[in-house]
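Asker: My questions will all concern the structure given below.
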Amino acid sequence: MIVSSTLSLLLLASVAHSQNQMFPLLFQQPQTQEQLPEKTPRGHTPHEKLKMCCAKLDQADADCKSRFCDWNALSSNSILIFLSTCVTRGPTVGQMWDCASSRGDHRQCCKAKGVLPGCMAYCETTNGVPPDYFRYLFCLNDFNKVRDCFFYHLIDQPNIKGDL
C-alpha cells in the first residue's frame, strides 16, 4: 500500500512538475536572481567534502550513499528517485541531507538565487530536512538552486563532520 501510494505521488509529481501546475505557489512571482560574491576555496572541494561526510555515515544505506552522495545525483530530476528509494532505509535521507546542507541557514543564498518563499524550508536546514517531503513537491523547480547554495557554502566551510 505504501509503495503504491508513493508511486502514485511520484507519478503525479512528475506530471505536475513537467507542466508547472503542482500547487498555486508555483504562480508566485518569479524571484529575481542576484550574483553571489566570489569565495576563496578552503580545503577540499565541495564534491570531496560531501563524499567525505557520506563516508562517515555508518547508519545510512550503502546503496543510497553510493548512488546519491554526489552533487550531480542530487538534482531536481533525481530527488524524487532518491526519496522514494532511500526514505524507508533508516536514517539515510536525513543523514545525507545533513551532509549536503551542513545544517546551515542558507536562506540568504536561496533568496539571492530566487528560490520561492514557500520553499525556504529547504534553505533553513539547522533542524534538518523537512519531514513532510510531499508537501513541498512544488519546490522541485527550485531544488537545483537550493542544492547550489549548499555547494556554495562548502566552498570555504567544513562539512558537518568537520572536514575542511
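The values are calculated or read from the model by the stated rules, or taken from the named source; none is laboratory data. None of the values given here were measured: they were computed from a predicted structure. Note: ideal-geometry Cβ built from the backbone for every residue, glycine included; neighbour counts use all protein chains shown.
Asker: Looking at Lys111, Lys161 in this structure, which one is at pLDDT 95 or above, over 12 Å from the mean Cα position of the chain (by Cα) and crowded, with 16+ Cβ neighbours inside 10 Å?
Answerer: On the way: Lys161 fails: crowded, with 16+ Cβ neighbours inside 10 Å.
Checking each option against the conditions leaves just Lys111.
Asker: Among Val146, Val93, Val129, which is the only one that is closer than 19 Å to Cys54 by Cβ, in contact with a Gly (Cβ under 9 Å, 6 or more places away or on another chain) and not acidic (Asp, Glu)? Lay out the reasoning, then the answer.
Answerer: Details: Val146 fails: in contact with a Gly (Cβ under 9 Å, 6 or more places away or on another chain); Val93 fails: in contact with a Gly (Cβ under 9 Å, 6 or more places away or on another chain).
None of the other options fit; the residue is Val129.
Asker: Asn72 is checked against (1) in a loop (DSSP other than H, G, I, E, B); (2) within 14 Å of the chain's Cα centre (by Cα); (3) closer than 17 Å to Lys161 by Cβ and fails just one. What number does that condition carry?
Answerer: Every listed condition holds for Asn72 apart from (3).
Asker: Quick one: which of Asp156, Asp105, Asp132 is surrounded by fewer than 18 Cβ atoms within 10 Å (Cβ to Cβ) and within 13 Å of Pro46 (Cβ to Cβ)? Don't jump to the end; show me each part of the working.
Answerer: Values: Asp105 fails: within 13 Å of Pro46 (Cβ to Cβ); Asp132 fails: within 13 Å of Pro46 (Cβ to Cβ).
Of Asp156, Asp105, Asp132, the one residue that is surrounded by fewer than 18 Cβ atoms within 10 Å (Cβ to Cβ) and within 13 Å of Pro46 (Cβ to Cβ) is Asp156.
Asker: Could you check segment 118-131 and list, in sequence order, the residues that are hydrophobic (A, V, I, L, M, F, W, C) and modelled with pLDDT under 90? Steps first, please.
Answerer: The first filter runs over segment 118-131 and keeps only residues hydrophobic (A, V, I, L, M, F, W, C), leaving 119-121, 123, 129.
Hit for segment 118-131 is Val129, nothing else.
Asker: In segment 106-134, how many are out of contact with any strand residue (DSSP E or B) (no Cβ under 6 Å at 6 or more places or on another chain), farther than 20 Å from Pro91 by Cβ and either among the aliphatic types (A, V, I, L, M) or without any contact (Cβ under 8 Å) to a residue 24 or more places away in the chain (or both)?
Answerer: Going through segment 106-134 one residue at a time, the tally reaches 5.
Asker: Quick check on segment 132-146: of everything there that is within 17 Å of Pro117 (Cβ to Cβ) and aromatic (Phe, Trp, Tyr), which residue is modelled with the lowest pLDDT? Quick ask: steps written out before the conclusion?
Answerer: At the first step, the residues of segment 132-146 found to be within 17 Å of Pro117 (Cβ to Cβ) are 135-143, 145-146.
Narrowing further to those that are aromatic (Phe, Trp, Tyr): 136, 138, 143.
Numbers: Tyr136: 81, Phe138: 88, Phe143: 94.
This residue is Tyr136.
Asker: Of the residues in segment 88-102, how many are buried (at least 18 other Cβ atoms within 10 Å of the Cβ) and either hydroxyl-bearing (Ser, Thr, Tyr) or part of a loop (DSSP other than H, G, I, E, B) (or both)?
Answerer: Residues flagged as buried (at least 18 other Cβ atoms within 10 Å of the Cβ) and either hydroxyl-bearing (Ser, Thr, Tyr) or part of a loop (DSSP other than H, G, I, E, B) (or both) within segment 88-102 amount to 3.
Asker: Tell me yes or no: at least one residue of segment 30-38 is at pLDDT 50 or above, surrounded by 13 or more Cβ atoms within 10 Å (Cβ to Cβ), among the polar types (S, T, N, Q) and in contact with a helix residue (DSSP H, G or I) (Cβ under 9 Å, 6 or more places away or on another chain). Spell out the reasoning first.
Answerer: The initial filter retains those residues of segment 30-38 that are at pLDDT 50 or above, namely 30-38.
Next, from what is left, pick out any that are surrounded by 13 or more Cβ atoms within 10 Å (Cβ to Cβ): 31, 36.
Checking the rest, the ones that are also among the polar types (S, T, N, Q) come to 31.
Of the ones still in play, those that are also in contact with a helix residue (DSSP H, G or I) (Cβ under 9 Å, 6 or more places away or on another chain) are 31.
Among the residues of segment 30-38, at least one is at pLDDT 50 or above, surrounded by 13 or more Cβ atoms within 10 Å (Cβ to Cβ), among the polar types (S, T, N, Q) and in contact with a helix residue (DSSP H, G or I) (Cβ under 9 Å, 6 or more places away or on another chain), which makes the answer yes.
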